[in-house]
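To start, the structure itself, in structure tokens.
The values are calculated or read from the model by the stated rules, or taken from the named source; none is laboratory data. From a predicted model like this one, the values you see are computed outputs, not experimental measurements. All Cβ positions, even for glycine, are placed from backbone atoms using ideal geometry, and neighbour counts span all protein chains on display.
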Amino acid sequence: MSYIPPALREKQQQQQQSATSEHAALPTNKKASDQTVRITPLEEQLYRHTDVHQYYAAKYQPSESPDGDTSALPSQPTSHATLNASSTEPDKLKYVMLFKNANPRWQSDGIIFVKSNISLLPGGAQFENETSPTAKSTTANDEAGKEIGQGEAAVTRTGTNEGESEEKHKNIQSTDTVCEKATPENETKTGDEESTENKSRIKVDNCELQRSDDTDHPTANEQPEPTPSQPSSYSPNLSSYNLCPIAIFEETNLHRGRFRFIGYHKITRLQFLAPYSQETYRMLEQKFSTVDRHGRVKLQKRAPAAWEMSMSYRWAVVKFEMDEVANTQLTPPDINVQGVQDAEKVPRKSVNELLKEMRLEG
């Protein structure tokens, strides 16, 4: 072994140590580079209501109807509805949209309260053409108002005696005193008997409208008392129906108006609640109640008209559970997010490639 001067020996050792340190640093840099690539995982896919809506909407034109009847074709699902059907099965529940803060018992029990499109539920076809009593009374009041106006004009035209005409005009005015006298027996019939009876009916209807207007309204947040005579509820036998998996989409807390697919579910319990029943009263108290951070239940403030309207509808209480078989066999809905470019299809460039392009451009 040849003699190496101390100065050269020290220089050679420094070179070896430098090479060793550089070699040891290479895996670290490579590992950091790998982490940089893997640090961008796929984000949770979110959909807008219109994206889900379009996926299940009708996919054929009305002209494709075999008999030329376009009225039988499935229409676009109701916007912002919780229960929805599809174009292929317009009479069955296919997907559910859970809007934020609208289903207080979903997270804890998987239960929702709904009143729209309940005909899509098993056994709900019998309620398809059912109308809210409040809506009916509003329509009746409008029609009665029109008849009253027509009655006033008729009295002005047909009154032959000045005193008689004035008396009839007073009778049509809505007062409690006139209501006691406005009956067919106390009225003097002039002209056609049918016309006289119509006028009497108009007077009575007008008085009833006045009485309803003079009734003291409940204070704010005061719920109308339920009617015990109404039938309480109806629970269909779910085993008698051919139930299909139901896709459920839930609105996220961070992204308002964005929904995520939370799996296929099945209905395990269903109950229809009659309008103005005790069950509807208790259900609405649960639906419009909130729990603060101290665990105290507080009833939301709602106008009396809002309580009255809610009580007048037929509601459905639906309990869902995860359908494990369907989630194993079925794939999630392939929903196209409109206006959003798929990031996976765009090739990513490395930093060196970007720097090279910048040098070429410069």
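For this structure, a couple of remarks:
- Within segment 333-353, the set of residues being more than 30 Å from Phe272 (Cα to Cα) and at pLDDT 75 or above comprises Asp334, Ile335, Asn336, Val337, Asn352, Glu353.
- Restricting attention to segment 279-297, the residues that are surrounded by 10 or more Cβ atoms within 10 Å (Cβ to Cβ) and not in a helix (DSSP H, G or I) add up to 5.
- Looking only at residues of segment 80-108 that are small (Gly, Ala, Ser) and assigned to a loop (DSSP other than H, G, I, E, B), we find that the one that is surrounded by the fewest Cβ atoms within 10 Å (Cβ to Cβ) is Ala102.
- Any hit, segment 303-313, residues being within 30 Å of Tyr47 (Cβ to Cβ), in a loop (DSSP other than H, G, I, E, B) and modelled with pLDDT of 95 or more: yes
- Yes/no for Phe288 being without any contact (Cβ under 8 Å) to a residue 24 or more places away in the chain, at negative phi and among the aromatic types (Phe, Trp, Tyr): yes
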